[in-house]
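All remarks here apply to the structure that follows.
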Amino acid sequence: MHPITRRHLLRGAAATAGALALPGVGRAAAAAPAVAAAHADPPHRWVGAGPFTHVHDPSGPARHRYLNDHTLIKASGRWHLFSIVGDSAPPGDSPDSSAEVTFAHASAPDPYGPWTPHADALSVDRSYFGEEHLWAPCVVEAGGTFWMFYAAGGRGGAAINLATSTDLFTWTRVPSGPLFRGIAARDPMVLRIADAWVMYYTELSAPHGRHIVSVRRSTDLLNWSAPETVFTDATTDTTPSVTESPCVVERDGWYYLFIGPRGGYEGTDVFASRDPFRFGLDGYAGHVPGHAVEVVSDGQDWYASAAGWFRQGLYVAPLDWRDTPPPWQSADNPVAAPDVEGRLTVFALDAGDRSMLRRVQLDPESDTWSQWETFGGPAGAVPTLSRNVNGRLEVFSLAPGGANLHHRVQRPDGGWHDWEEFGGPAGAAPAVAQGGDGRLEVFAPAPGGTSLARRRQRSPGSLTWDAWDGAFGGPVGAPPVVAANADGRLEVFALTPGGAAIHHRWQEAPGGAWAAWSAFGTAAGAAPRVARDGTGRLTVVAIAPSGLAAFHRRQSVPSGGWGDWQHLYGWSAAAPALAPSADGRLEAFALSPGGARLGHRWHADTGGTWAPGEEFGESGVPLAGTPAAATDATGRLHVFAVTPDGRIRTRVQERPSGGWRPWAAFGERLVAPLRSGSPAY
């Protein structure tokens, strides 16, 4: 029997599953009575985090290394870190997890450091009951002894092992061998609940079954009960694992389960429950934009730590307990579109006060730009843009915390009307598109994604709007996307809660009634994207759960049926950005988790065949999120990307549909480096 590895468990193709709930069927409606009753007074808190600070790098002068699943414990006034450690792979690639055979050890006076590295805490012992790797340590203290639980597969299958120490430096395995074995048992996390020790861990419901979080109980940390299932993922058995690194904490009588990768490789969802042995999608309580997240408190402040294959070391952020759901970010950062005079206009958020910034292309031929100017704000997310039937640009913005939506419309002379209230509260800046009848239509999720609302212009180019339709759909697991078919009918795509599937809904005639929601297929790890090419056909792109690949699906005929899902990229942080070149061929840009590699592919012909692609990023310059792309008045594409320090970089086509100039700085103003698709805090 071959040992189970993390690589094997992340491998798989996305499959069709799930259903988008109809209006009136909210998250709580699917809950059992016991859970519904437990959600009485007081309500759970909403959870967020950020920004993450890089606090510890295990690399040496000539050796780039990563940390992955880890644990933090405070003893004798000092924090200790124990973690999977390994050699980093080339940018954009994942390492071989079967080579993870040691646990790194470091200590610090504070979670933010400075961290002092120590000798490795434990190394694999292949003579110890077939141990072949070391994964996901968890350390607790009891009776003057430190207990390290860890996952160690081998010829006997997945196993949870135990080593003990009296000083956190010297560790000895218990002579009796594995505590228990499972189908895919790994990532143990142990805490005390009432009069028992409780271990949460990643598991499968059956061979090739669903991904679950299991729990076992013990009174002595050595003998553990039979497993119980506390969380079952909504996706099918063919998807990559999305119940890894379970971490449970208690606050004010509520238990919070942190699991991932969800929302991409570098994402962790949070679920709340009064019952620590029962969690579900109905208890969704927020998101932390990090991988293998661990949550700790020093008795006063709460912290989230993160690591992962695509980062070098440990990151720490303040954990944020909120009364309201944190809003999602736009998948684009910054955003750009032509204004009424055809001038390309870029909008971003200031790194300091999160005011909205605007910059205008003054001369497309020489590619000269205005200085950055303040356009409004502060804002809670990057805005979304659309053009009216008369060419006037319209900007839609989310207030801080998702309190309200606002919009601002360009005048015919190129100036701007004042900002106006547009509705709210909302869970994200809205998706906007112009339909075949010339009217703009706006689609926005409620806070927490509990429902999806729609609003339409009263007439083409009008400054007045119809009332909101709050029962357009939902709940949703990410903000929707919308595009116009070749015949002008709008089509909306939305991710179901938990990422089990993408569903879509379309107009039956331009400006007319809407068909019912229908399954569009594929479990997905984050919000999809959609664009129309020069043939009039739509293409939808999405990432698989965990972000290990990006897929695309294209209409077989304009405004018609759809082809099959096909592979487009390997590891991707979010759905690739799509933009048509002047000749109508789509170009796609995909960022790897961690931002080290930016891939570029394009239609080699009008039939939708994708060219093999190329490395498009700037050597040695990581990016903080998937770039945005827009076309100027000459027909050349511009790509805008933000680095982790908040600097915008841009790359422009030499000529329409042609090659590309080198990367260049885009102004000196620092902007907020928001991670694509993540909630904003």
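Descriptive notes on the structure:
- Of the strands (runs of 3 or more DSSP E) entirely within the range 396-493, those holding at least 3 residues that are touching a Ser or Thr at 6+ places or on another chain (Cβ under 8 Å), farther than 20 Å from G263 by Cβ and not small (G, A, S) occupy 405-409.
- Residue match in the range 257-267 (condition: touching a residue at least 24 places away in the same chain (Cβ under 8 Å), surrounded by fewer than 24 Cβ atoms within 10 Å (Cβ to Cβ) and part of a strand (DSSP E or B)): no
- T345 being among the β-branched types (V, I, T), assigned to a strand (DSSP E or B) and in contact with a strand residue (DSSP E or B) (Cβ under 7 Å, 6 or more places away or on another chain): yes
- Residues of the range 463-495 satisfying the condition of being polar (S, T, N, Q) and at pLDDT below 95: none
- Subset of the range 401-428 [in contact (Cβ under 8 Å) with a residue 60 or more places away in the chain, more than 24 Å from E341 (Cβ to Cβ) and touching a strand residue (DSSP E or B) at 6+ places or on another chain (Cβ under 7 Å)]: A426, G427, A428
- Screening the range 326-345 for residues that are among the hydrophobic types (A, V, I, L, M, F, W, C) and crowded, with 24+ Cβ neighbours inside 10 Å and picking the one that is farthest from N404 (Cα to Cα) gives A331.
- Subset of the range 287-306 (residues that are buried (at least 21 other Cβ atoms within 10 Å of the Cβ) and in a strand (DSSP E or B)): H287, V288, H291, A292, V293, E294, V295, A304, S305, A306
- Of all residues in the range 641-665 being in contact (Cβ under 8 Å) with a residue 40 or more places away in the chain, surrounded by 21 or more Cβ atoms within 10 Å (Cβ to Cβ) and not β-branched (V, I, T), the one that is farthest from S572 (Cα to Cα): Q653
- Residue, surrounded by the fewest Cβ atoms within 10 Å (Cβ to Cβ), within the range 133-154, restricted to residues that are of a type in the set (A, V, I, L, M) and outside any strand (DSSP E or B): L134
- Scanning the range 548-575 for residues that are surrounded by fewer than 21 Cβ atoms within 10 Å (Cβ to Cβ), among the polar types (S, T, N, Q) and farther than 16 Å from H603 by Cβ returns a single hit, S559.
- Filter result for the condition that a residue is touching a Leu at 6+ places or on another chain (Cβ under 7 Å), over 22 Å from V213 (Cα atoms) and in a strand (DSSP E or B), over A317, A336: A336
- Flag if G547 is at pLDDT below 95 and farther than 26 Å from V409 by Cα: yes
- Residue ID - surrounded by the fewest Cβ atoms within 10 Å (Cβ to Cβ), chosen from residues in the range 514-523 that are of a type outside the set (G, A, S) and outside any loop (DSSP other than H, G, I, E, B): W514
- Failed condition for W571, given (1) in a loop (DSSP other than H, G, I, E, B); (2) more than 30 Å from F258 (Cβ to Cβ); (3) among the aromatic types (F, W, Y): (2)
- Yes/no for G511 being on the phi > 0 side of the Ramachandran plot and touching a strand residue (DSSP E or B) at 6+ places or on another chain (Cβ under 9 Å): yes
- Flag for E491 being surrounded by 22 or more Cβ atoms within 10 Å (Cβ to Cβ), in the same structural domain as A428 (by TED's automatic domain parsing) and on the phi < 0 side of the Ramachandran plot: yes
- Total residues in the range 524-547, condition within 15 Å of the chain's Cα centre (by Cα) and either surrounded by fewer than 23 Cβ atoms within 10 Å (Cβ to Cβ) or among the small types (G, A, S) (or both): 8
- Of all residues in the range 155-198 being free of Cβ contacts under 8 Å to residues at least 60 places away in the same chain and either in contact with a Lys or Arg (Cβ under 6 Å, 6 or more places away or on another chain) or among the charged types (D, E, K, R) (or both), the one that is surrounded by the fewest Cβ atoms within 10 Å (Cβ to Cβ): D195
- Among all residues of the range 504-512, there is at least one that is under 24 Å from the mean Cα position of the chain (by Cα), closer than 23 Å to G438 by Cβ and without any contact (Cβ under 8 Å) to a residue 60 or more places away in the chain.
- For the condition of a type in the set (G, A, S), over 25 Å from the mean Cα position of the chain (by Cα), crowded, with 20+ Cβ neighbours inside 10 Å and in a strand (DSSP E or B), A104 qualifies.
- With respect to (1) modelled with pLDDT of 95 or more; (2) over 30 Å from S592 (Cβ atoms); (3) of a type in the set (G, A, S), the lone exception for A206 is condition (1).
The values are calculated or read from the model by the stated rules, or taken from the named source; none is laboratory data. Owing to the predicted nature of the structure, the values given are computational and were not obtained by experimental measurement. So basically every Cβ, Gly included, is an ideal-geometry build from the backbone, and we count neighbours across all protein chains shown.
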